[in-house]
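A.B. asks: Here it is: the structure, laid out below.
We did not get these values from a lab; they are worked out from the coordinates using the rules stated. Given the structure is predicted, the values throughout are model-derived calculations rather than measurements. Glycine gets a Cβ as well: all are built from the backbone with ideal geometry, and neighbour counts include every protein chain shown.
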Amino acid sequence: MAKPPSRHVCQACGAAFAKWSGRCEACGEWNSIVEETPRAAAPGGLGRGSARGRPQPLALVSLSGTAEPPPRLVTGIAEFDRVAGGGLVPGSTVLIGGDPGVGKSTLLLQVAAQLARRGLAALYVTGEEAVEQIRLRAGRMRLADAPVALAAATAVRDIAAALDGPALPAVVIIDSVQTLWLDTLESAPGTVSQVRGAAQELIRLAKARGFVLLLVGHVTKEGVIAGPKVLEHMVDTVIAFEGERGHPFRLLRATKNRFGATDEIGVFEMGELGLSEVANPSALFLAERQGEVAGSAVFAGIEGTRPILVEIQALVAGQPPGSPRRAVVGWDAGRLAMVLAVLETRCGLSLAGRDVYLNVAGGLRIAEPAADLAVAAALISAASGRPVPAGTVVFGEIGLSGEVRAVARPELRLKEAQKLGFASALVPRSRSEGQAARPGGPHLVEIASVGDLVSQLTAGPARTGGPRPLAIERS
């Protein structure tokens with residue numbers, strides 16, 4: 001039998017090519033194409049064979065019917081259970097990705113320890129560290145007394161054999177999926193075919209035997225999970241573990257969840273004993289906020305089903321020679337460019353020749369367009385030297401014609417602001433005849449356009465010692 005020809009596969013996107021090249025034409029990644037030699041026949045998995053008989057007709061059912069919600073394993077870590085949709089579903093697969101050192105292994109070790117203390121069998125398989133390293137980490141975190149089974153292995157066949165015993169674990173943690181390898185494939189561990197094949201075998205075992213499979217995934221320099229994109233389609237839940245090295249806060253964000261809401265977040269704080277839960281993230285993000293300072297605005301946002309108040313800081317510097325600089329941390333740079341263009345075109349604000357710096361305090365990254373109005377308020381305040389009135393929250397989406405559009409779930413945002421003692425809120429104009437404030441809640445100031453926002457924030461005197469007044473060009 002002739003040897004099958006080799007192919008070259010991109011390790012970033014999984015695209016296959018007939019010959020090697022320095023740059024992948026599919027995703028644009030450089031030096032990511034590796035030669036792989038496929039087998040003459042497709043691998044048959046870890047089993048000895050499969051029964052090939054006559055096809056069975058499908059059992060067709062209707063959409064109507066009743067089904068009980070799936071049972072869940074509650075870990076006792078409330079922030080993790082929130083992101084998972086209320087707990088882990090038996091037979092499901094959860095993929096957790098994050099930057100190196102963000103705390104993925106620490107979090108999963110805490111999850112395994114909590115489940116083991118609740119009487120559930122937990123197996124932690126590491127392919128990157130030795131068992132003694134896991135024991136040292138557990139000792140530092142005071143988890144050494146938890147009855148968690150540890151193993152160091154990378155061969156999928158060995159891991160599957162460990163799951164054949166009578167004492168089947170309820171939760172299996174694999175750290176990480178990029179270190180696994182199948183002996184039925186000739187490619188090296190970490191390649192696209194190995195990651196896809198190893199994950200497929202483990203997911204099949206999890207669904208057949210009913211245990212929860214938690215996979216740790218490496219990420220690329222762009223922050224996406226390394227390996228084939230099909231890996232995210234194969235699993236039931238994809239969770240991103242985010243955090244800046246300079247901040248103690250860590251965010252657990254669900255980007256896909258077949259058993260719960262997506263974009264749900266959990267907030268943790270990294271300490272000496274591992275990750276501790278943050279029950280009230282809004283109070284934590286605003287804890288170090290100073291009083292009336294020009295260039296600061298409080299945004300009332302929604303992350304999943306949770307309202308969060310966060311401070312948005314802006315700094316508008318003088319007119320430097322050359323091209324002005326734009327620096328953004330925690331927000332979309334393209335969105336900032338749009339807000340600046342609207343402020344200049346629709347309101348006559350002169351910001352084109354000045355440096356603009358924008359920061360979301362606390363290390364949180366905001367993606368929803370409802371932050372447009374808060375960013376505009378911070379920019380106007382920074383450029384004019386007039387602080388946003390104390391005790392005010394801001395939210396709203398800005399359109400290219402300068403209008404302020406309504407956003408989703410304003411009542412939930414205002415309820416969180418009321419809980420933290422904010423007295424007023426700059427909000428979009430309601431679609432109805434009037435927008436009633438909650439009893440005892442913030443006083444609502446409706447903003448119909450960015451021109452109304454400029455008039456609202458530049459009505460009072462500038463703060464002493466602040467920057468020069470905002471230059472406004474009137475036609």
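A.B. asks: Using the Cα centre of the range 60-120 as origin and beta-carbon charges of +1 (Lys, Arg) and -1 (Asp, Glu), tell me which of Val94, Leu108, Ser62 is placed farthest towards the positive end of the dipole.
C.D. replies: It is Leu108, whose Cα lies furthest towards the positive end.
A.B. asks: Could you pull out every Cys in the chain that lacks a partner Cys with its beta carbon under 4.7 Å away?
C.D. replies: Result for the chain is Cys347, no neighbouring Cys Cβ within the cutoff.
A.B. asks: Here is a further query. Could you list Phe285, Phe259 in order of exposure, starting from the residue whose Cβ has the fewest other Cβ atoms within 10 Å?
C.D. replies: Numbers: Phe285 22, Phe259 17.
Fewest to most other Cβ atoms nearby, the residues stand as Phe259, Phe285.
A.B. asks: Follow-up question, since we're still on this one. Give the order of His247, His233, His218 when sorted by the count of other beta carbons within 10 angstrom, beginning with the fewest.
C.D. replies: On the way: His247 14, His233 9, His218 19.
Lowest to highest Cβ neighbour count: His233, His247, His218.
A.B. asks: May I have the convex hull volume per residue, in Å³, for the Cα set of the range 284-457?
C.D. replies: 107 Å³
A.B. asks: Can you tell me the length gained on complete extension of the stretch Ala149 to Glu368, counting 0.36 nm per residue apart and subtracting the Cα distance? Write out the running numbers ahead of the final one.
C.D. replies: Details: separation 219, 0.36 × 219 = 78.84 nm, distance 4.16 nm.
My answer for the length gained is 74.7 nm.
A.B. asks: Please report the antiparallel percentage of DSSP beta bridges with both residues in the chain, rounded to the nearest 5.
C.D. replies: Working: 41 of 80 bridges.
Bridges in the chain are about 50 percent antiparallel.
A.B. asks: A follow-up question, please. Ordered by residue, what ³J(HN,Hα) values in Hz, to whole numbers, does the range 96-103 give under the Karplus form 6.51 cos²θ - 1.76 cosθ + 1.60, where θ = phi - 60° and Gly and Pro are x?
C.D. replies: 10, x, x, 5, x, x, 6, x
A.B. asks: Label points 7 Å out from Cα along the Cβ direction at Ser6 and Arg409: separation in nm?
C.D. replies: 5.2 nm
A.B. asks: Could I ask something else about it? Among the listed pairs Lys104/Lys221; Lys256/Lys419; Lys19/Lys229; Lys19/Lys256, which have their C-alpha atoms separated by more than 28 angstrom in this model? Don't skip to the end; give the middle numbers.
C.D. replies: On the way: Lys104/Lys221 17 Å; Lys256/Lys419 30 Å; Lys19/Lys229 22 Å; Lys19/Lys256 35 Å.
As for pairs spanning more than 28 Å Cα to Cα, those are Lys256/Lys419; Lys19/Lys256.
A.B. asks: Can you give the extra length, in nm with one decimal, that the chain gains between Glu186 and Val74 once fully stretched, where that is 0.36 nm per residue apart less the Cα-Cα distance? If you can, show how the numbers build up before the last one.
C.D. replies: Values: separation 112, 0.36 × 112 = 40.32 nm, distance 3.96 nm.
Contour length minus the Cα-Cα distance gives 36.4 nm.
A.B. asks: Right, here's the next one. Which distance in nm do the two modelled labels at Arg209 and Trp20 give, with both placed 7 Å along the Cα-to-Cβ direction?
C.D. replies: Taking the simple label geometry, Arg209 and Trp20 are separated by 3.9 nm.
A.B. asks: Still on this structure, please answer the following. Could you give me the ³J(HN,Hα) list for the range 329-344, computed from phi with Karplus coefficients 6.51, -1.76, 1.60 and θ = phi - 60°, whole Hz, x at Gly and Pro?
C.D. replies: For the range 329-344, the Karplus curve yields 10, x, 9, 7, 5, x, 5, 4, 4, 5, 5, 4, 5, 5, 5, 6 Hz.
A.B. asks: A further question on this structure: Residues with amide H under 5 Å of Arg250's amide H, sequence separation 5 or more or different chain, H placed in the peptide plane at 1.01 Å from N; which?
C.D. replies: Phe268, Glu269, Met270
A.B. asks: So how long is each side of the range 78-279 along the principal axes, counting just the alpha-carbon atoms, biggest first, in Å?
C.D. replies: That gives 45, 38, 30 Å along the principal axes, largest extent first.
A.B. asks: On to the next question. Dimensions of the range 240-318 along principal axes (Cα, Å, largest first)?
C.D. replies: 49, 30, 24
A.B. asks: Among DSSP beta bridges whose residues both lie in the range 78-279, state the antiparallel percentage, nearest 5. List each step's numbers first, then the result.
C.D. replies: Details: 16 of 41 bridges.
Bridges in the range 78-279 are about 40 percent antiparallel.
A.B. asks: Assuming R0 = 41 Å, what is the FRET efficiency of Ala121 and Ala352, from their Cβ-Cβ distance, to the nearest 0.05?
C.D. replies: Numbers: r = 63 Å, r/R0 = 1.54.
Step by step, r from the Cβ atoms, then E = 0.05.
A.B. asks: While we're looking at this one, here's another question. Beyond 17 Å, how much of the Cα-Cα pair distribution for the range 262-374 remains, as a whole percent?
C.D. replies: Details: 3842 of 6328 pairs.
Summing the P(r) tail past 17 Å for the range 262-374 gives 61 percent.
A.B. asks: In whole Hz, with x marking every Gly and Pro, tabulate ³J(HN,Hα) for the range 309-324 from phi via Karplus 6.51 cos²θ - 1.76 cosθ + 1.60, θ = phi - 60°.
C.D. replies: Calculated HN-Hα couplings, in order: 9, 9, 8, 10, 10, 10, 9, 10, 8, x, 8, x, x, x, 6, x Hz.
A.B. asks: Can you bin every Cα-Cα distance in the chain into 10 Å intervals starting at zero and give me the percent of pairs per bin, rounded to whole numbers?
C.D. replies: 4, 17, 23, 21, 18, 12, 5, 1, 0
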